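For reference, the structure discussed in these notes is given below.
The values are calculated or read from the model by the stated rules, or taken from the named source; none is laboratory data. Given the structure is predicted, the values throughout are model-derived calculations rather than measurements. We place every Cβ from the backbone using ideal geometry, glycine too, and count neighbours over all the protein chains shown. Protein only, heavy atoms only, side chains kept; ligands, DNA and RNA dropped before computing areas. Shrake-Rupley method; radii C 1.70, N 1.55, O 1.52, S 1.80 Å.
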Amino acid sequence: MAEIVRGARTIKLSQKGDTLTSMLISDKPLVAKYQNGAVIGSWATDNRTVYAQVLTSLTNTPLSNTQLTAIKWFLNGVEIQDTDTRFEKTTYDIGSTKVPALKIKADIMTGVDTTSTLEFRSNAYTGGFTTAINALISILKENVSANTYNAYIIDSNGRGATITTQFPSVTLKAIIEKGGIETTTNITYQWHKSTLDEVKDLANDPIKDNRMLLPGKTGQTLTLTSADVQTYDTYICEFFESGKLIKTAIISVRDETDTKELMYNVTGNENALDVGQSIVYKPKVVMRGTTTAAAGNWVYKYQKVKMDGTNVGNQATGTAYTLTYADVVAIGDEVMVLFEATES
């Protein structure tokens, strides 16, 4: 059976000229919900944790906490002090890699009518050089009605959806909120896995959508092991209310026990793509943690997707893939590219 190695990269447009070389990720959506001025689902009891994922242009393995120094966090441009009880400076485990994190312990959007911004700054040491980096993430405020839906998927164990030697399984949990409150009433689920293989795509349903339906995977949770994940896989959950599709959510799972991974060889700035610019990928399958090419002949495939897992455009093949600013802006302000390398 041909071996498969998968991966994904996320591309963001430049925002107000900021140059980002890292990414902030929240374990739950940073959308503060209010109804008639009252908080729905207080963050004082349902904390959010934001963590810094600093990637090289080569792999999906983030830099560790020990490679980052002079760490500072800011809310709307004001540095967050250790004495600020609304926050807790901590760490977060992405698989076996420990990274800087910030826990939000209060309803920080009360009294704020616009969006807020969390910023992370540090120095990163990699490849023999120290580089100053920063990253931003927006906090939104939403006035919800009783019938507003919001869906997302979390790693229920809080380990960055990563399979490791120490933790050989990952349990995903699909969550849908109605009117800002998590609900399971009349809700059913169907899980899918992204694939760029047409045979697998059509194996269990007649819809050509670059994802394979997972028969019987209809529970709120989905447990995965290394046997389910080809290096870095993307899983999708469809949410149905009384049989009607209402939302879709997406999450990526990484298997750091896999002996192979993709080297992306990125040219361009993925985290701040600006007008007239482009990103070029020239992927190569390598042995994990090295730049040594894996044996065999590999065929590379690519697919653009929105952040909810919806496909954009057609699948592409070849030894290189180019994504332009115009490509991204036509979709929104953020897009993911799925990669698949199949040994021929």
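Basic side chains Lys and Arg get +1 at the Cβ, acidic Asp and Glu get -1 at the Cβ, and with that the dipole of segment 91-202 about its Cα centre reaches some 340 debye. Between ASP205, ASP274, ASP82, the Gaussian network model of the chain with springs among Cα atoms under 10 angstrom shows the greatest mean-square fluctuation at ASP82. Proximity of backbone amide H atoms, modeled 1.01 Å from N, is registered between THR91 and ALA101 at under 5 Å, excluding neighbours fewer than 5 places apart on the same chain.
Within the listed set THR97, THR310, THR66, the Gaussian network model of the chain (springs between alpha-carbon atoms below 10 Å) gives the highest mean-square fluctuation for THR66. Simple point charges give the picture: +1 on the Cβ of Lys and Arg, -1 on the Cβ of Asp and Glu, and for the chain a dipole about the Cα centre of about 160 debye.
With the charge dipole of segment 192-259 set up from +1 on Lys and Arg Cβ and -1 on Asp and Glu Cβ about the Cα centre, the Cα lying farthest toward the positive end among the listed residues SER242, LEU214, VAL229 is that of SER242. Each of LEU63, TYR189, SER278 was scored by the projection of its Cα onto the charge dipole of the chain, and the greatest displacement toward the positive side belongs to LEU63; charges sit on the C-beta of Lys, Arg, Asp and Glu. Applying 1/(1 + (r/R0)^6) with r as the Cβ-Cβ distance of ASP46 and ALA203 and R0 = 22 angstrom yields a FRET efficiency of 0.05.
With both labels modelled 7 Å from their Cα along Cα-to-Cβ, the LYS217 to THR292 distance reads 3.2 nm.
Extension gain for TYR125 to THR69 (0.36 nm times residue separation, less C-alpha to C-alpha distance): 19.3 nm.
The order of the peptides 84-92, 171-179 by mean Cβ neighbours within 10 Å, most packed first, is 171-179, 84-92.
In straight-distance terms, cross-link reach from LYS200 covers every one of the lysines whose alpha-carbon lies under 20 Å from its own, apart from those fewer than eight places away in the same chain; here that gives LYS208, LYS217, LYS301, LYS304. Working ranking of peptides 142-148, 37-43 by packing, defined as the average number of other Cβ atoms within 10 Å per residue, highest first, is 37-43, 142-148. Sorting the segments 263-271, 73-81 by their residues' average number of neighbouring beta-carbon atoms within 10 angstrom, most packed first, yields 263-271, 73-81. The mean sequence separation of alpha-carbon pairs under 8 Å and at least six residues apart, normalised by the residue count of the chain, gives a relative contact order of 21 percent.
Classified by the C-alpha gyration tensor, the chain has an oblate form. Its axis ratio a/c, with a ≥ b ≥ c, is 1.5 or above, and a/b does not exceed b/c. Accessible surface area normalised per residue over the chain is 46 Å², counting heavy atoms of protein chains with a 1.4 Å rolling probe.
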